[in-house]
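The values are calculated or read from the model by the stated rules, or taken from the named source; none is laboratory data. Nothing here was measured: the structure is a model prediction, and the numbers come from that model. Don't worry about glycine lacking a Cβ; one is built from the backbone with ideal geometry, like all the others, and counts go over all protein chains shown. SASA here: full protein model, heavy atoms, side chains in, ligands and nucleic acids out. Shrake-Rupley method; radii C 1.70, N 1.55, O 1.52, S 1.80 Å.
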Amino acid sequence: MARLQHTDGLTEEQGELLKLVREFVDEQIIPVATELEHRDEYPAEIVEGMKEMGIFGLMIPEEYGGLGESLLTYALTVEEIARGWMSVSGIINTHFIVAYMLLQHGTEEQKQKYLPRMATGEVRGAFSMSEPGCGSDVSGIRTKAVRTGAGSDEWTINGQKMWLTNGGSSTLVAVLTKTDAEADEDASVYKKMTTFLVEKTPGFGEVEPGLTVPGKIEKMGYKGVDTTELVFDGYTTTTDQILGGVPGKGFYQMMDGVEVGRVNVAARACGVAVRAFELGIAYAQQRETFGKKIAQHQAVLFRLAEMATKCEAAHQMMVKAARIKDKGERNDLEAGMAKYLASEYCAEVVEDSFRIHGGYGYSKEYEIERLYREAPMLLIGEGTADIQRMIIGRRLLEDYALKG
């Protein structure tokens, strides 16, 4: 049994679940991942398998038809899935964030309406903050929702969203909009935002009146999963579809979702990194140069040692962040650190494995070529490294503020 990324203190049930997921990854994902990725093909059969295992409802409480597991269990599951193919973990990540936001901020009617069907995978979630003119600067969004009349329960949304994971396959999207008219003029820009729950049919083109999902955005990596824009042009909805039923809370709801999403991205980075290490250490024991296996050359041996240490450090940081959130405590510092460390280390471990493979690493026949294109996405997803450093630094100044 490999010693890397071992998690102490798991229950027997958690251990059994993770064993099943790992077997699923080894048997159903790894053998087909590279072929599907090269074709940029949506992994429909893999998704059906995850539905049957209950993964789409992993953190949804039993009262709503889910398994009621912890964030830690979910993160460790994501780590295993990303080890097989990072794109598959992306399919459930955005779904999980929407389910979490509904649990934490939705009305009881919204929970009853969506969560049981999200638990089975019948309703598939996606969330949308980013726009063509803004990335990490959420205050710069321009998509606007306006009541059709004073005191009306009907709203019209216009604008364009960007980088929507599961944009084509999802049926429920949490969309952040500006609702300036609903707040005092001198109110913070962050109190002038509202999250709408937008239902749509899967597919591309005009999926609902006034709502268009253009074709997939072509990407360097992270293929298979559909990444799209979302264009609103006179789309109409009602107050019932505002997350929590009250306008003006959208920014804070989204940030809560992103906070747990950062633990998720850290877990994905851990999964990709350990897969790169597995490929590197296996190849190093097969390839011979100068009369011996390259693993016996000190330069390669040192590289393997650094790779393993980075995998282990990132995993333990991710586990800590998940456990703090599970205790109901604020974890923005730990989540930021975990996401920052894991994504940076992932990129480094993947490149080291790529170097160990030598010229063969540049061939599409070898799995490391796919990982080399996938790892950069983790450096920017759920906030870039610079954004994480800002979050970490500001929180440290709060914790270590000088007295007097």
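At a probe size of 1.4 Å, how large is the accessible area of Met337, to the nearest 10 Å²?
60 Å²
Could you size up the charge dipole of region 27-79 around its Cα centre, putting +1 on the beta carbon of Lys and Arg and -1 on that of Asp and Glu, and report it in debye to the nearest 20?
Computed about the Cα centre, the dipole is about 100 debye.
Output the peptides 296-302, 317-323 sorted from most to least packed, where packing is the average of other Cβ atoms within 10 Å over each peptide's residues.
Result, highest mean first: 317-323, 296-302.
Can you give the angle from 0 to 90° between the axis of helix 332-357 and the longest principal axis of the chain, with both taken from C-alpha atoms, to the nearest 10?
Result, in degrees: 40.
Dipole of region 256-404 (Lys/Arg Cβ +1, Asp/Glu Cβ -1, origin at the Cα centre): which of Ile368, Ala335, Ala282 lies farthest to the positive side?
Ala282
Ordering Asp186, Asp180 by accessible area with a probe of 1.4 Å, largest first, what comes out?
Asp186, Asp180
Once the dipole of region 14-131 is set up with Lys and Arg at +1 and Asp and Glu at -1 on Cβ about the Cα centre, which of Ile29, Phe96, Leu18 lies farthest towards its positive end?
Of the candidates, Phe96 comes out farthest on the positive side.
Which listed residue (Leu197, Gly244, Val350) has the Cα farthest towards the positive end of the charge dipole for the chain, taking +1 on Lys and Arg C-beta and -1 on Asp and Glu C-beta about the Cα centre?
Val350
Taking 0.36 nm per intervening residue step and subtracting the Cα-Cα distance, what contour gain separates Ala44 from Ala150 on full extension?
33.6 nm
Would you give the gap between the C-alpha center of region 148-175 and the C-alpha center of region 345-404, rounded to a whole Å?
When both Cα centres are located, 31 Å separates them.
How many nm separate the modelled label positions at Asp233 and Thr120, each set 7 Å beyond the Cα in the direction of the Cβ?
3.6 nm
So if each residue of separation counts as 0.36 nm, and I subtract the Cα-Cα distance between Arg3 and Asp180, what length gain in nm does that give?
Once the chain is fully extended between Arg3 and Asp180, it gains 58.4 nm.
Contour minus end-to-end for Ser188 and Glu13, with contour as 0.36 nm per residue of separation and end-to-end as the Cα-Cα distance?
Full-extension gain reported as 58.4 nm.
Taking the chain as the reference, fit the longest principal axis to its C-alpha atoms, fit the long axis of helix 385-399 to the helix C-alpha atoms, and give the angle between the two in degrees, 0 to 90, nearest 10.
Helix 385-399 and the main axis of the chain meet at about 70 degrees.
What is the sum of charges around Asp326, taking Lys and Arg as +1, Asp and Glu as -1, for the other residues whose C-beta is under 14 Å from the C-beta of Asp326?
Cβ neighbours under 14 Å give a net charge of +1.
Carbon-plus-sulfur fraction of the accessible area of the chain, 1.4 Å probe, in percent?
51 percent
Give the angle, between 0 and 90 degrees and rounded to the nearest 10, that separates the Cα long axis of helix 44-53 from the longest principal axis of the Cα atoms of the chain.
The two axes meet at around 80 degrees.
What shape does region 1-113 take by its C-alpha gyration tensor, where a ≥ b ≥ c are the square roots of the eigenvalues and a/c under 1.5 counts as rounded, a/b above b/c as prolate, and the rest as oblate?
It comes out oblate by the Cα gyration axes.
Would you kindly find the accessible area of Tyr100, with a 1.4 Å probe and non-protein molecules such as ligands, DNA and RNA excluded, rounding to the nearest 10 Å²?
30 Å²
With a 1.4 Å probe and all protein chains kept in place, how much accessible area does Ile30 have, in Å² rounded to the nearest 10?
Around 30 Å² of this residue is reachable by solvent.
Could you size up the charge dipole of region 1-137 around its Cα centre, putting +1 on the beta carbon of Lys and Arg and -1 on that of Asp and Glu, and report it in debye to the nearest 20?
200 debye
What accessible area per residue comes out for region 74-132, rounded to a whole number of Å², with a 1.4 Å probe?
Dividing the accessible area of region 74-132 by its residue count gives 24 Å².
Using only alpha carbons, build the gyration tensor for region 213-255 and give me the equivalent ellipsoid semi-axes, biggest first, whole Å.
Semi-axes, largest first: 29, 16, 8 Å.
What FRET efficiency comes out for Lys293 versus Glu27 if R0 is 35 angstrom and r is the Cβ-Cβ distance? Round to the nearest 0.05.
Once rounded, the FRET efficiency stands at 0.75.
If contacts are Cα pairs under 8 angstrom and at least 6 residues apart, what is the relative contact order of the chain in percent?
16 percent
Taking the Cα centre of the chain as origin, work out the dipole magnitude from +1 charges on Lys and Arg Cβ and -1 charges on Asp and Glu Cβ, in debye rounded to 20.
Here the size comes out at about 1020 debye.
In angstroms, what radius of gyration and Dmax does region 170-211 have, counting Cα atoms only?
When restricted to the Cα atoms of region 170-211, Rg and Dmax are 13.8, 41 Å.
What does the charge add up to near Ala282, with Lys and Arg as +1, Asp and Glu as -1, over the other residues with Cβ less than 13 Å from its Cβ?
Net local charge, Ala282 excluded: +1.
Would you list which lysines come within 16 Å of Lys200, measuring only between C-alpha atoms, while excluding same-chain residues fewer than 8 positions from it?
Straight-line reach from Lys200, under 16 Å: Lys113, Lys161.
Which whole-angstrom value gives the distance between the alpha carbon centres of region 198-257 and region 259-303?
Cα centroid of region 198-257 versus Cα centroid of region 259-303: 37 Å apart.
With labels modelled as points extended 7 Å from the Cα through the Cβ direction, what inter-label distance (nm, one decimal) is found for Glu206 paired with Leu103?
A separation of 3.9 nm, rounded to one decimal place.
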